[in-house]
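In what follows, a structure is listed as structure tokens, so that the remarks can point back to it.
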Amino acid sequence: MVFDSIGEAGHEQVSYFTDRETGLQAIIAVHDTTLGPSLGGTRLLDYETEDAALEDVLRLSKAMTYKAAAADLPLGGGKAVILGDPDEIKSEALFEAYGRAVDCMGGRYITSVDINSSAAEMDVVARETDHVVGTSDGLQNPSGVTAHGVFCGIRACAEHVYGRSDVEGLEVVVQGLGKVGRSLAEELLEAGAAVTVSDVDQEAVEAFAAEHGAETIEPESVYEQSCDVFAPCAIGGILNDETIPTLECDIVAGAANNVLAERRHADALRERGILYAPDYVINAGGLVTVAKDHFGGTYEEAYAEAEEIERRLLGMIERAAAEETTVLDAAEAYAEERIAGADGESPTTPRP
Ligand code: NAD
């Protein structure tokens, strides 16, 4: 049964770890190391069942393979889950035991932060293994790089749709004024775009509008708002059967992960004549920063590298147009071709 799940998505390795003293239960999934060591965060969740945890780690590690490959990074896809209620199980001893588990992987898996694990936990993991990024002495806060990458991605979309990459005068609706959305909205305003912002935190919206002179809109009206670009920077699953028919934009391009409720919604957007920039392509600035942290480099270098998203995404958009398919299909094809074209040698460790 486990071999069936693993084989289906082509995973290389799935390892289960326990520690008697701390009660650690962790699964590390390595999807593909053709392009380099697998990298992905550690998610701490109280899964309903062990099968649900396995399903999650398999899905997330595969997604990391595509994300890294589509960002031209020398990395493969991996992910880890620690099972349990974070409030009950989180302890230094648990993360030390987890660090030893990561170390057992011999560099085939590099871990980082994810839901319920932060720099503080990665600092503890780093006592036991070198195969960790996202520690407090690493490159902090990739959100500015992520936002800059999204900005460059919007330029690529504008180039295709309007024949000019300049965002001056473009009407952009930014959903979510968190770490990425705020930074993106500021960069767009500086570049002369007409920005409308929205968040469930009304106070944050009012404060931003007062400081920057942006327009505001209620969170529930954001989809019907007529604009050139809708930039979702809040939560996943918001492009679905209810919202897609109501959209009044030419382009959807934002940072939010898993923004499509289902894969078929990429086709639904295309059928409506809306250009959708795949989330994992346009929000890759975060991963670029993590990669810089791992391989060595500065925040400024990561920021500059994120600008490559413009050229890469435009190539995918043009390919999708030529092949009459979605940009999501074109992005997947790009990633798969990169993996197929590699020589199969991982820079760190041999493949099994
Ligand atoms: P964040 O938690 O700092 O901000 C999210 C914001 O969205 C918050 O202000 C929240 O109030 C708001 N929000 C939540 N639900 C909303 C709704 N229904 N309508 C409007 N606003 C809503 O998160 P972030 O780091 O800015 O990340 C934003 C998105 O980008 C997430 O999906 C994240 O997974 C993705 N992402 C972030 C990075 C990064 O570097 N931070 C990298 C890649 C992808």
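General observations
- Between the alpha-carbon centres of region 87-160 and region 26-74 there is a gap of 13 Å.
- As a rough guide to protection, the peptides 149-158, 113-122 ranked by mean Cβ packing within 10 Å, highest first, stand as 149-158, 113-122.
- The alpha-carbon atoms of region 139-352 define a convex hull whose volume equals 131 cubic angstrom per residue.
- Taking amide H as placed 1.01 Å from N in the peptide plane, the amide H of Gln13 sits under 5 Å from that of Val30, each at least 5 places away or on another chain.
- For region 166-217, the mean projected area of the C-alpha convex hull, equal to one quarter of the hull surface, is 3.0 nm².
- The protection proxy used here, the mean number of other Cβ atoms lying within 10 Å of each residue, ranks peptides 67-76, 315-324, 249-258 as follows, highest first: 67-76, 249-258, 315-324.
- Leu275 long-range amide H proximity, modeled H, under 5 Å: Ile251, Val252
- Rounded to 5, percent antiparallel among DSSP beta bridges of the chain: 35 percent
- 3J(HN,Hα) along region 148-160: 5, x, 5, 4, 5, x, 5, 4, 4, 5, 5, 4, 6 Hz, from the Karplus curve 6.51 cos²θ - 1.76 cosθ + 1.60 with θ = phi - 60°, whole Hz, x for Gly and Pro.
- Structure-based [θ]222 nm, the chain - -39500 (n - 2.57) summed over DSSP H runs of at least 4, per residue, nearest 500: -13500 deg cm²/dmol
- Descending semi-axes in whole angstrom, ellipsoid equivalent of region 104-202, from the Cα gyration tensor: 36, 16, 10
- For the chain, the Cβ-based charge dipole about the Cα centre amounts to some 940 debye (Lys, Arg positive; Asp, Glu negative; other atoms uncharged).
- Cα point-scatterer Debye curve for region 1-69, base-10 log of I(q)/I(0) at q = 0.14, 0.26, 0.28 Å⁻¹: -0.43, -1.25, -1.37
- Amide H within-cut-off set for Leu45, under 5 Å, with H built and near neighbours excluded: Ile82, Gly84
- For region 189-204, 3J(HN,Hα) computed residue by residue from phi via the Karplus equation (6.51, -1.76, 1.60; θ = phi - 60°) reads 4, 4, 7, x, 6, 8, 9, 10, 10, 8, 7, 6, 8, 5, 5, 4 Hz, glycine and proline entered as x.
- Here the contact order of region 139-352, divided by its residue count and restricted to Cα pairs under 8 Å and six or more residues apart, works out to 23 percent.
- Partners for Lys79 among lysines (Cα-Cα distance below 18 Å; same-chain residues under 8 apart left out): Lys62, Lys67
- Classification of region 145-236 by its C-alpha gyration tensor yields a prolate form. The axis ratio a/c (a ≥ b ≥ c) is 1.5 or more, and a/b outweighs b/c.
- When the charge dipole of region 139-352 is built from unit charges on Cβ atoms (+1 for Lys and Arg, -1 for Asp and Glu) and taken about the Cα centre, the candidate among Gly213, Ala333, Thr246 whose Cα reaches farthest toward its positive end is Ala333.
We did not get these values from a lab; they are worked out from the coordinates using the rules stated. Everything quoted here is computed from the prediction, not taken from an experiment. Using ideal geometry, Cβ is built from the backbone for each residue, glycine included, and neighbour counts are taken over all protein chains shown.
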